[in-house]
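Bear in mind these aren't lab numbers, they're just calculated from the coordinates by the rules spelled out. Only a predicted model underlies this, so the values are computations on that prediction, with no experimental measurement involved. Cβ placement follows ideal geometry from the backbone for every residue including glycine, while neighbour counts extend to all protein chains displayed.
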Ligand code: 26Q
């Protein structure tokens, strides 16, 4: 077949006409002078038009059928680009390609022109985005609620190998997908005082009020049949403009109230571990949670008259504790605004709210000082104390006692995890291991007091974006071999298993991988100047930079391998490219130092003629969702090497395996369940288990002894200490090396040798290419269970008790 031949579609001319129409009347640009961005806007409007009718129809159906709705409250929605998602979900790729070709444009260029909406830090935010896609695809009526940050996650660049953060500006050209809802502005108060009212009711007199205005983005499911809404809140001043100071010539003073109010939704907190002791963060949390609850209660009351029916029509999922003020706020709405007695209000809130925990790390569990709470949310602090007292009473009445470890308020601090647990009917972990550990550690006592409240919902990822869109070559091969429909029924990938032994199929599978690697090599060459050999093994670790994720162990192993290659240059070393991607929280000094170390080691290794062509390190700056979509399909090896017990689930691990990468990893998070599905023989597992880690710590772990026991590690640590990788500043990494020798909380030294040895097993496996590809096929074939559709069905059946409207 002529490769330029494309089947014509009756919809192509219509789409072309619509694009032309929008270019002229919505964008306001003549075709002759239109830039790539102008065309991208025109195409986006044309596609958006096609979503409107099913969007209205979905809403109409929910109301007509009086369906229960899910409200997913999340501080983060890491949605990335939306145009390709919409085109692919609507099934309009061929038509779009043709329409763009008509005006001399390339589909990938136009798609690639859209800035990422980086309204999240990492896994938790991306999970929320995958869940939106799955809820829409499954036809589960839902709203996502979050914040419309003016500036999403910072842009990362490297200056001499150090991370530099710059403000991100995704709204700069305007955002095509959102619609501002001026009717839906909600006043949100802060501070002030409380006076007693009738019965349990009180009156809160805030000292400050800001307006929350709603921006709606449609979220179309597969084939655009069902469309849910992502509603993001933006903060504005209640005062239009302060004319009085302006007229006096005090221009700064005149702008003040607007600036202060808008600060609330200005930036995303670039932190995924440590609790920022900042009042602004607490204000952000309350701002979007309160706006969302008032919005959904108003919607409920439009169609129902009895608030006691709330749990029948509404399920609220709290994405971590960030929106956990929802408990007290919902109770406040019921008690203070609607006269519901406190005990009934607590009951209703509990039946409506559900809480997902994403971390066990003590420093990442949110805690708010009660004096800060009293200052910003005085009524909520009263309610939290009352909720806590009520809970304590319940526990005693049942013949138990409750220690401070299970209280919502202790020693002048509000424990948001405990508060969320106490005010929710279901609390879930995000993988089996994580859920088990939750039951044994952070929530051990609350779990005994409320057996059955904790459930496990292992994460998943949307196969539409993370397979169908980002890997068109493999997707076409899948459809050719197992037929259509796998995009919404990912268990069908199982049908691929017999093909693993079919050499002709393996060749095609490998050709798809090879094409993805070539595409990535071209992209990385343009971005970093590095020339990559697509025949080399692409070994990738992409995620936030954190000590527990152990990018340090990865780069130390690369350095140890380099030493070994120089010692034994005649050995048949396989060619590898080690690719890193990820950002460090700006205040996280050790993570930033690890970035610098990776870049310093990269420079030394890449400059060595002796290992040239065999080992190369690449670290493209500003890793984001779009870069992930390019990297993941091109990976041969996926690095999932966290200290066991610390990665709640991981979701990148799933994306890689689905796209036919083999995993080297620890028995942590969802890796454990991946091994169960993939089979231990098709995944490279090494190192300490979660219980080994616990035992080693209890016995008194000595990192210096571990370093002594591994000559290869010892050599690398000494090289770092003597400035082999930082000749301009030999002391640069002394703090890092000291930490490794004397603390090493994340057990890099303890696992190093096992990791090194496992990497040599990977080398040997790579040498047998046919068998490697066979295992890669089996990885893809085994990953059906990790679709976020399966996860959402779990939430719908076991937590929300909602049904598909389809
Ligand atoms: C809290 C307080 C103040 C400022 C920031 C934060 C904050 C922000 C983001 C705390 C945590 C986060 C993000 C956490 C996160 O992404 N967790 C990841 O969630 C994924 C989805 O469940 C899991 O797969 C990962 O294992 C988990 O690390």
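Just for the chain, what percent of DSSP beta bridges are antiparallel, to the closest 5?
45
Cα centroid distance between segment 501-570 and segment 614-667, in Å?
10
Tell me, what is the FRET efficiency for residue 573 and residue 769 to the nearest 0.05, using R0 = 22 angstrom and their Cβ-Cβ distance as r?
0.90
Sorting 37, 431 on the 10 Å Cβ count, fewest up front, what's the list?
Ascending Cβ contact count within 10 Å gives the list 37, 431.
Got a sec? How would 39, 745, 562 order by Cβ neighbour count within 10 Å, fewest to most?
745, 562, 39
Compute the semi-axes of the equivalent ellipsoid of segment 654-757, taking the square root of 5 times each eigenvalue of the Cα gyration tensor, and list them largest first in whole Å.
Over the Cα atoms of segment 654-757, the semi-axes work out to 30, 18, 11 Å.
For segment 224-263, report the translational diffusion coefficient in µm²/s to the nearest whole number, using Stokes-Einstein at 4 °C, 1.567 mPa s, and a Kirkwood Rh over Cα pairs.
In µm²/s, the coefficient is 106.
Exposure proxy check: 481, 292, 691 ranked by fewest other beta carbons within 10 Å?
691, 481, 292
If N is the number of residues in segment 155-221, what value comes out of its Cα radius of gyration divided by 2.2 N^0.38 Å?
1.92
At 25 °C and a viscosity of 0.890 mPa s, what translational diffusion coefficient does Stokes-Einstein give for segment 215-303, taking Rh as the Kirkwood radius over Cα pairs? Give it in µm²/s as a whole number.
For these conditions, the coefficient is 151 µm²/s.
With a 10 Å radius around each residue's Cβ, average the other Cβ atoms per peptide and rank 600-609, 116-125, highest first.
Descending mean neighbour count gives 116-125, 600-609.
So what does the Cα-only Debye profile of segment 553-605 read at q = 0.16, 0.18 Å⁻¹, as log10 I(q)/I(0), no solvent term?
-0.55, -0.66
In Å, what Rg and Dmax follow from the Cα atoms of the chain?
27.1, 86
Taking the Cα centre of each part, how many Å lie between segment 743-806 and segment 41-107?
Centre-to-centre (Cα) distance: 30 Å.
Would you mind classifying segment 340-432 by shape? Square roots of the alpha carbon gyration tensor eigenvalues, ordered a ≥ b ≥ c; an a/c under 1.5 is rounded, otherwise it is prolate if a/b is larger than b/c and oblate if not.
Verdict is rounded for segment 340-432.
Run the numbers on the chain and let me know its relative contact order in percent, using alpha-carbon pairs under 8 Å that are six or more apart.
That works out to 13 percent.
Rg (Å, one decimal) plus Dmax (Å, integer) for the alpha carbons of segment 74-203?
Taking only Cα atoms of segment 74-203, I get Rg and Dmax of 20.5, 70 Å.
Using the basic label-point model (7 angstrom from Cα toward the beta carbon), what is the residue 371 to residue 548 distance in nanometres?
Between residue 371 and residue 548, the simple spin-label model gives 3.0 nm.
Which percent of Cα-Cα pairs in segment 251-390 sits in each 10 Å bin, short to long?
Taking all Cα pairs of segment 251-390, the binned fractions are 10, 37, 34, 16, 3, 0 percent.
What ranking, highest mean first, results for peptides 156-169, 351-364, 312-325 when packing means the other Cβ atoms within 10 Å averaged over each residue?
Top to bottom by mean Cβ count within 10 Å: 312-325, 351-364, 156-169.
Give me the mean projected area, in nm² to one decimal, of the convex hull enclosing the Cα positions of segment 365-502.
12.6
Sort 23-32, 46-55, 650-659 for me by packing, meaning the mean count of neighbouring Cβ atoms within 10 Å per residue, highest on top.
The packing order, highest mean first, is 650-659, 46-55, 23-32.
Please tell me the relative contact order of segment 398-467 in percent, rounded to the nearest whole number, where contacts are Cα pairs under 8 Å and at least six residues apart.
30
Over the residues of segment 405-460, compute the C-alpha Rg and express it relative to 2.2 N^0.38 Å.
Taking the Cα Rg and dividing by 2.2 N^0.38 Å, one obtains 1.12.
Enter the mean projected area of the convex hull around the alpha-carbon atoms of segment 533-657, in nm², rounded to one decimal.
Computing the convex hull of the Cα atoms and averaging its projections yields 8.0 nm².
For the chain, what does the helix formula give at 222 nm: sum of -39500 (n - 2.57) over DSSP H segments with n ≥ 4, over the residue count, nearest 500 deg cm²/dmol?
Result for the chain, helices only: -14000 deg cm²/dmol.
Under 1.5 on a/c is rounded, so check that first for segment 170-271, then, if it is not, pick prolate when a/b is larger than b/c and oblate when it is not; a ≥ b ≥ c are the square roots of the alpha carbon gyration tensor eigenvalues.
Oblate shape, in that a/c is at least 1.5 and b/c is the bigger or equal ratio.
Using a ≥ b ≥ c from the Cα gyration tensor of segment 17-107 (square roots of the eigenvalues), is it rounded, prolate or oblate, where a/c under 1.5 gives rounded and otherwise the larger of a/b and b/c decides, a/b for prolate?
It comes out prolate by the Cα gyration axes.
Can you compute the equivalent ellipsoid semi-axes for segment 710-806, i.e. the square root of 5 times each eigenvalue of the Cα gyration tensor, sorted largest first and rounded to whole Å?
Equivalent ellipsoid of segment 710-806: 44, 24, 12 Å, largest first.
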